[in-house]
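The values are calculated or read from the model by the stated rules, or taken from the named source; none is laboratory data. All figures in this text were calculated on a predicted structure; none of them were measured in a lab. In this analysis, Cβ positions are derived from the backbone assuming ideal geometry, glycine residues included, and neighbour counts consider all displayed protein chains.
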There are 2 protein chains.
Amino acid sequence: MKFNINNFLNISSQRSKIVDFQDLDHIDGVSISAVSAGLYKVKRDEVVLFYFRDGANYASVFTQSKITSENVKWNKKIKAKKVYALLINTRNANALTGPEGYNALKKISLDLSLRLTKIQERDEDIPKKISSKELLFGCTGTIGEKFPLEKIKDSLSELVQKIKYTQNKLIWMKAAMGIITTDLKPKLAMAETKIGSSKIKVYGIAKGSGMIYPNMATTLAYIFTDATLSSSVLRDILKHNIKTTFNAISCDGDTSTNDMVSIFSTNKVQNPAIKKFSDKRISNFSKTVHEVLLNLAKQVVSDGEGASKLISINSINCKSEKDAKNISFKIANSLLVKTAIAGEDPNWGRIAMAIGNCDSKIDEKKLSISIGPHKIFYKGSLFEKYDEKKVAEYMKSQLIEIEVDIGQGNKNFKAFTMDLTKKYIEINADYRT
Amino acid sequence: MKFNINNFLNISSQRSKIVDFQDLDHIDGVSISAVSAGLYKVKRDEVVLFYFRDGANYASVFTQSKITSENVKWNKKIKAKKVYALLINTRNANALTGPEGYNALKKISLDLSLRLTKIQERDEDIPKKISSKELLFGCTGTIGEKFPLEKIKDSLSELVQKIKYTQNKLIWMKAAMGIITTDLKPKLAMAETKIGSSKIKVYGIAKGSGMIYPNMATTLAYIFTDATLSSSVLRDILKHNIKTTFNAISCDGDTSTNDMVSIFSTNKVQNPAIKKFSDKRISNFSKTVHEVLLNLAKQVVSDGEGASKLISINSINCKSEKDAKNISFKIANSLLVKTAIAGEDPNWGRIAMAIGNCDSKIDEKKLSISIGPHKIFYKGSLFEKYDEKKVAEYMKSQLIEIEVDIGQGNKNFKAFTMDLTKKYIEINADYRT
C-alpha cells in the first residue's frame with residue numbers, strides 16, 4: 001500500500017502537471033465514513049460509506065461484461081425510489097463468488113440498514129426505517145476470491161459510529177483513498193453551476209488504474225450533487241455524459257466485472273423543478289457533470305498502472321462517430337503504440353498500423369496523422385516539412401496529443417489512454433503478492 | 001542485431017524445450033540466396049531470394065488490415081500462372097510509402113527479372129524469359145519510412161550471383177535469419193508425407209515476434225513443397241489450414257500491414273494428379289501442411305517479443321466456433337492475463353474477467369476454468385479440491401495450458417499466445433533506436 005491518510009499532504013505536493021485531484025468541501029445531504037476492515041495486510045481504510053440521511057435520488061451505469069460481480073447484480077435489482085447509503089469495499093471484487101458472494105451482500109445490507117435506522121431514530125425528527133433494499137454496493141479488488149463477509153460485517157459498527165455529517169477535504173480524501181486498489185493517487189473532482197438561479201455543487205470521486213476499458217461504464221466513480229433532481233433526469237444526464245468521459249478512456253483494454261458509475265442528488269437545494277433532460281435550464285448542470293466526469297476520467301488514465309504519460313487520441317472527419325471511436329480505441333489499445341510512446345519514440349508508423357486494424361475502410365490518400373502540433377503524414381505522403389527531431393522533442397512531454405484525420409466525413413471522437421511501461425508489467429505480474 | 005550466420009550453431013544449442021526450429025535440407029525446384037544490402041547499421045543479411053528456376057504454382061493469404069503495405073498490393077495484383085521468384089527484405093515494411101514505395105518494387109522487379117532471365121539463358125536448355133509480373137515480394141520492418149530502393153537494387157547483382165541451387169541446413173538458416181527483425185530465433189519447420197505413393201516434402205520458414213494478431217494471415221511465412229499441385233488446390237489447402245495455425249496466434253493483438261503466408265509447389269515430384277481439394281488422396285498432404293504451419297506458428301509465438309512462456313488457450317463446448325475463437329482471443333489478448341502469467345501468478349480471476357469481455361452470453365453456473373491439469377473454477381464455484389499452491393507450482397513451467405469450458409455446445413478453438421514481460425516493453429520502447 002502506497003497511501004494512507006497520513007501522507008495526503010505529501011500527495012498534494014506531488015500533484016502532476018497534467019490532471020490531478022481537486023479538494024472537495026461540504027455538500028449538503030451527504031455523510032461519509034471510512035474505516036479499515038483488515039482486508040489488506042498493511043492497515044488502511046478499505047470500507048467507505050456514503051450515507052444520505054434524507055435519501056438521494058440516483059442513477060447508475062454498469063459494466064457491459066458478460067460476467068458481472070455480485071454487487072453489480074445486487075445494484076441492478078434495487079428499485080427503491082431513494083437510496084440511503086452506498087457502501088464501497090476494496091481488496092475483493094465479489095466477482096465469480098456465486099450465491100455465497102450475493103448472500104454476503106444481503107447479510108451486510110440487513111446489518112447496515114438496521115444500524116442506519118438506529119441512527120435515524122437517534123438523529124431525525126421523523127426517523128426513516130431504512131430497508132436493506134435501499135442500499136447500493138461498490139466492490140473492487142481481486143476476482144474469484146471468497147468475499148470477506150465477516151471482516152466487513154465486523155467493521156460496520158465502527159463505520160457507522162464514525163460517520164461525518166459535515167465534510168471537509170480531509171474526509172473526502174479519506175473516502176477517495178479508501179476505495180483505491182493499485183491507484184497511486186486518489187481521484188476527486190468538483191465544479192459548481194446553477195440551475196435557474198440556484199447554486200449547485202457537483203462533487204465526484206473515482207478509483208481505477210487497471211482493467212480499464214470502457215464498455216458503458218468503467219471503473220468506480222460516484223458523483224454527488226445537492227441539486228433537486230429526479231432519478232430519471234439523473235439517468236439521462238449520466239447516460240448522455242458517460243459516452244465522452246468514462247467511456248472514452250482505456251488503460252489496458254480490459255473491462256472489469258465491477259465497473260460502476262453512479263450519480264446521487266440529495267435535493268438539498270430547492271432549484272426550479274426539472275421534469276425532463278430536454279429542459280434547457282438543466283444544460284449548464286449537465287455540462288458541469290460532464291466536466292467533473294471528464295476530470296475524474298482523466299485522473300484515472302493519468303494514474304493508469306505504470307503510466308508516465310497521458311495520451312489523447314482524436315480521430316476526426318470520420319463517416320460516423322462509431323467509426324471515429326473505433327479508430328481512436330484501436331490506437332489507444334495498441335501495445336505497440338503505447339510502448340513507442342513510453343520510449344518517447346515518434347514511431348508514427350505504429351499509429352498507422354493501428355488505424356489499419358479498424359472496422360471501416362481507410363483511404364490512404366485522404367489520411368493525415370499529427371502528433372502534437374506536428375503534421376507527419378499528410379494525405380497519403382510524408383508531410384514535406386516533417387522533422388523527426390522536433391517530434392522526438394515533443395514526445396518528451398507528459399501529455400501526448402495524437403490527431404488522425406480520416407478525411408471521409410465530419411464525425412469525431414477523442415479517446416484517452418496512457419503509455420505502457422515496464423512499471424505496468426511490474427505492477428501486474430506481482431499484483432497479488 | 002542478435003544474430004548472424006556465424007552463431008547459428010550457438011543458436012542450435014539454445015533450442016528451447018517447447019517449440020523450436022528444425023533443420024531443413026534440399027528440396028527440388030527451390031534455389032536460395034541471401035545477402036546484406038546495408039539496411040541495418042550492423043551488418044547482417046536483409047535481402048533473401050527464393051528462385052524457382054522452373055516456376056512454382058502458388059497461393060497466398062494476406063493481412064486483413066485496412067492499410068496494407070505496397071508489396072501486399074503488388075502481390076495481390078500478380079495473376080501469373082507460375083511465379084519464378086519471391087524476394088523478401090527486412091528493416092523496411094514498405095507501408096504508408098505511397099506510389100514511391102510501389103514504384104520501387106516495380107523497378108526492383110524489372111531489374112531482378114532481367115537478371116534471372118540471364119541466369120535462365122546461362123543455365124537452362126529452354127530458357128524462360130522471366131517477366132517482372134512473375135515475382136512476389138515480402139517486406140517487413142518499420143512502417144512509413146522511405147523504402148531503400150537504391151540499396152536493395154544495388155544488392156541484386158550479388159544476390160543473384162550467390163544463388164544456391166542445392167540447399168542444406170546452412171542456407172535455409174541463412175534465409176530464415178535473413179528475414180527476421182526483432183525475432184531472437186530463426187523459424188524453420190519441415191515434414192514429409194505422401195500423395196498416392198509419391199514421397200513429398202513440405203518445408204517452411206517464417207518470421208515475426210511483434211505486431212502479431214491474426215486477421216487471416218499473420219506475419220511472414222513461406223511454405224515450399226516439391227509436390228505437383230495447381231495454384232487453386234494450393235489456395236484451398238492454405239485457406240483450410242491457416243485458420244487453426246497462423247490465425248490462431250497472437251503476440252500483442254496488433255495486426256501488421258504486411259502479413260503474408262504463401263505456399264509454393266515446384267512440381268518436381270510426379271504425384272498422382274489432384275484436381276480438387278476434396279480429393280481424399282490429398283488429405284495427408286493437407287495435414288502435413290497443417291503440421292508445418294502450426295509448428296511455425298508456435299515458433300513465432302514462443303519467440304514473441306520478450307516471451308518467457310508459450311500459452312495455449314482452449315475454449316471448449318461453445319455454441320459456435322466463432323464464439324470459441326472470440327473467447328480464446330479475449331484471454332490471449334488480455335494484458336492482465338499475460339502479465340499475471342509472466343509473474344507466474346495463478347490469478348484465474350483475470351481469465352474470468354477476460355471471458356466476460358467476449359461477445360456471447362456466459363452462464364457462470366456452466367462455466368469451468370482449468371490451468372494445466374488443475375481444475376480451479378467448476379460450474380459456478382471454486383472447485384472444492386482447488387489447491388492454489390499446486391497451480392502456482394505449475395505456473396513456473398514454460399508451457400501454460402488454459403482450458404475454459406463454456407458448457408453451452410460442442411465447438412472448440414485453441415489459440416496460442418505468450419506472456420507479457422518487461423522485456424516486451426524494452427524491445428518496443430526502443431525499437432528504432
> Across the range B:392-433, which residue is nearest to the other protein chains (Cβ to nearest Cβ) among those that are of a type in the set (D, E, K, R) and part of a strand (DSSP E or B)?
Replying inline: B:ASP405
>> Criterion first (surrounded by fewer than 20 Cβ atoms within 10 Å (Cβ to Cβ) and either at pLDDT 90 or above or aromatic (Phe, Trp, Tyr) (or both)) does A:ASN271 satisfy it?
In response: no
>> With the requirement that a residue be closer than 20 Å to B:MET260 by Cβ and either outside the structural domain of B:PHE62 (by TED's automatic domain parsing) or among the aliphatic types (A, V, I, L, M) (or both), what does the range B:112-148 give you?
In response: B:LEU112, B:LEU135, B:LEU136, B:ILE143
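May I ask you to list the residues in the range B:258-272 that are more than 9 Å from B:PHE62 (Cα to Cα) and of a type in the set (Val, Ile, Thr)?
If we filter the range B:258-272 for residues that are more than 9 Å from B:PHE62 (Cα to Cα), which is where we start, we get B:263-272.
Scanning the range B:258-272 gives B:ILE263, B:THR266, B:VAL269.
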> Out of the residues in the range B:231-257 that are in a helix (DSSP H, G or I) and among the charged types (D, E, K, R), which is nearest to the other protein chains (Cβ to nearest Cβ)?
Replying inline: B:LYS239
>> Of the residues A:LEU114, A:LEU87, only one is surrounded by 18 or more Cβ atoms within 10 Å (Cβ to Cβ) and among the hydrophobic types (A, V, I, L, M, F, W, C); which?
In response: A:LEU87
> Which condition breaks for B:LEU96 when tested against (1) touching a Phe, Trp or Tyr at 6+ places or on another chain (Cβ under 9 Å); (2) at pLDDT 95 or above?
Replying inline: (2)
> Would you call B:THR228 in a loop (DSSP other than H, G, I, E, B) and free of Cβ contacts under 8 Å to residues at least 60 places away in the same chain?
Replying inline: yes
>> Tally up the residues in the range B:336-350 that are among the basic types (Lys, Arg) and either part of a loop (DSSP other than H, G, I, E, B) or facing chain A (nearest Cβ under 8 Å) (or both), please.
In response: 1
> Which one is farthest from A:ARG91 (Cα to Cα), of the residues in the range A:32-54 that are surrounded by fewer than 20 Cβ atoms within 10 Å (Cβ to Cβ) and not β-branched (Val, Ile, Thr)?
Replying inline: A:ASP54
>> Please go through the range A:395-417 and give me each residue that is surrounded by fewer than 16 Cβ atoms within 10 Å (Cβ to Cβ) and of a type in the set (Ser, Thr, Tyr), ordered by number.
In response: A:SER397
> Any idea which of (1) under 23 Å from B:ASN412 (Cα atoms); (2) in contact with a helix residue (DSSP H, G or I) (Cβ under 8 Å, 6 or more places away or on another chain) is the one B:ASN247 doesn't satisfy?
Replying inline: (2)
> Can you pull out the residues in the range A:43-69 that are away from every other protein chain (no Cβ under 14 Å) and without any contact (Cβ under 8 Å) to a residue 40 or more places away in the chain?
Replying inline: A:LYS43
>> With the requirement that a residue be more than 7 Å from every other protein chain (Cβ to nearest Cβ) and of a type in the set (D, E, K, R), what does the range A:351-364 give you?
In response: A:ASP359, A:ASP363
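Taking A:ILE152, is it within 24 Å of A:PHE21 (Cα to Cα) and either not assigned by TED's automatic domain parsing to the domain that holds A:LEU293 or not polar (S, T, N, Q) (or both)?
No, not satisfied.
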> Quick check, is B:ALA175 among the small types (Gly, Ala, Ser), crowded, with 23+ Cβ neighbours inside 10 Å and modelled with pLDDT of 95 or more?
Replying inline: yes
>> Contact list please: Cβ distance under 6 Å, first residue in the range B:119-147 and more than 14 Å from chain A (Cβ to nearest Cβ), second residue part of a loop (DSSP other than H, G, I, E, B) and surrounded by fewer than 24 Cβ atoms within 10 Å (Cβ to Cβ), pairs at least six apart or on different chains.
In response: B:GLN120/B:PRO127; B:GLN120/B:LYS128; B:GLU121/B:PRO127; B:LYS133/B:ALA80; B:GLU134/B:ALA80
>> Residues that are hydrophobic (A, V, I, L, M, F, W, C), surrounded by 24 or more Cβ atoms within 10 Å (Cβ to Cβ) and facing chain B (nearest Cβ under 9 Å): does the range A:321-335 have at least one?
In response: yes
> From the set of residues in the range B:84-113 that are assigned to a helix (DSSP H, G or I) and hydrophobic (A, V, I, L, M, F, W, C), which is farthest from the other protein chains (Cβ to nearest Cβ)?
Replying inline: B:LEU112
> Which of the residues that make up the range A:55-82 are in a loop (DSSP other than H, G, I, E, B), of a type outside the set (A, V, I, L, M, F, W, C) and buried (at least 16 other Cβ atoms within 10 Å of the Cβ)?
Replying inline: A:GLN64, A:SER65, A:LYS66, A:THR68, A:SER69, A:LYS82
